[in-house]
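Notes follow the structure.
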C-alpha cells in the first residue's frame, strides 16, 4: 500500500453527471437538511443522506466511532446513483449529497482523522457545478468538473465558495482504505503545492509540515529506509542522513527542521509517559 500523504487527487472513475442529476432532481427544497456544522458556513450548506449510521439521530453526521452504516430507502429508486457507488470497490461508510446554494460559503476548517494516511478517505463526485465555484484545499484551487471523482485530504485547511448563480451539488463518499483504493490513488493525478520551501525551525504552516509528515510516513513503511537511518548511532550523522534521504525522496528538509521535529517528538513522548 502506498505510503504517501496526498493533498488532493483526481481519480479514474468518471460518471455521467446528467444521468445522476436526472435522479436527484426529484428532491424538493424540504428534503435537504441544513448541515450540522453551522459554524462552518453561512446558512447555504445542505445535505441529503444516502448511507447513514444505523439508528443514528442525525443522518448527515458521519460519526467516526461508528462502523455500521446502512443504505437509505431512496437508493432503491436511484439506479444511476447505485451504479456509481458500486464502482467503488471498497467498504463504504457515510454517503451524502451535499449542496452549496448559489452565493454560499463554507468557511475554512479541517476535519481531523479523515484522510488516506488515517485509513479513511472522503471522495467527491461533482454532479452540478458552475465556473464560479472555488474549492480550495491547503491553498490550492481544485479544478473539479461534473462527473469526475476527487479525493480531498480534509485534514488540511479547506474552504468553498459558490460565487455562481446556480447551486452546487456533490456526491460525497466516505470509505475505508483497502488495496483497491491504494491502487486507485497510486494512479491518480495529484494536485498539491508544486514547490514547497525548505522547512525551517518552528514550522507550523501546513504545507511545510506536510513535507515532513510525508517523509516520516515513508520511513515508517519502508523497512530498508528504517534500517539505513536507525542503524546510525551518531546524532549529527543521523540528521545528515535524514536530510539526504528525504531529498532523494523529493522532500526538502533542513537539518534544523529535523532537529526541531526530534525535539518535539521527545517532548510529546515525555508528556504522555511521565507519571504525575
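Annotations for the structure displayed:
- Qualifying positions in region 153-174 - closer than 22 Å to residue 84 by Cα and modelled with pLDDT of 95 or more: 167, 168, 169, 170, 171, 172, 173, 174
- Residues considered: 159, 122. Of these, the only one that is under 18 Å from residue 41 (Cα atoms), in the same structural domain as residue 38 (by TED's automatic domain parsing), in contact (Cβ under 8 Å) with a residue 12 or more places away in the chain and outside any loop (DSSP other than H, G, I, E, B) is 159.
- Filtered residues of region 28-50 (kept if more than 21 Å from residue 105 (Cα to Cα) and loosely packed, with under 15 Cβ neighbours inside 10 Å): 28
- Residue 190, sole failed condition from (1) modelled with pLDDT of 65 or more; (2) surrounded by 14 or more Cβ atoms within 10 Å (Cβ to Cβ): (2)
- Some residue of region 105-117 being crowded, with 22+ Cβ neighbours inside 10 Å and either in contact with a helix residue (DSSP H, G or I) (Cβ under 9 Å, 6 or more places away or on another chain) or not assigned by TED's automatic domain parsing to the domain that holds residue 18 (or both): yes
- If you go through region 228-255 and pick out every residue that is modelled with pLDDT under 80 and either in the same structural domain as residue 117 (by TED's automatic domain parsing) or within 22 Å of residue 5 (Cβ to Cβ) (or both), you end up with 12.
- Scanning region 205-215 for residues that are under 16 Å from residue 256 (Cα atoms), at pLDDT 65 or above and buried (at least 18 other Cβ atoms within 10 Å of the Cβ) yields 212, 215.
- Residue count for region 56-104 under the criterion of being out of contact with any helix residue (DSSP H, G or I) (no Cβ under 6 Å at 6 or more places or on another chain) and part of a loop (DSSP other than H, G, I, E, B): the result is 21.
- Number of residues in region 75-97 that are farther than 19 Å from residue 16 by Cβ and more than 20 Å from the chain's Cα centre (by Cα): the value is 1.
- Flag if residue 144 is over 21 Å from residue 62 (Cβ atoms) and either free of Cβ contacts under 8 Å to residues at least 12 places away in the same chain or crowded, with 17+ Cβ neighbours inside 10 Å (or both): no
- Filter result for the condition that a residue is surrounded by fewer than 19 Cβ atoms within 10 Å (Cβ to Cβ), at pLDDT below 95, farther than 16 Å from residue 160 by Cα and touching a strand residue (DSSP E or B) at 6+ places or on another chain (Cβ under 6 Å), over 63, 71: 63
The values are calculated or read from the model by the stated rules, or taken from the named source; none is laboratory data. Nothing here was measured: the structure is a model prediction, and the numbers come from that model. When we count neighbours, we look across all protein chains shown, and the Cβ atoms used for this are built from the backbone with ideal geometry, even at glycine.
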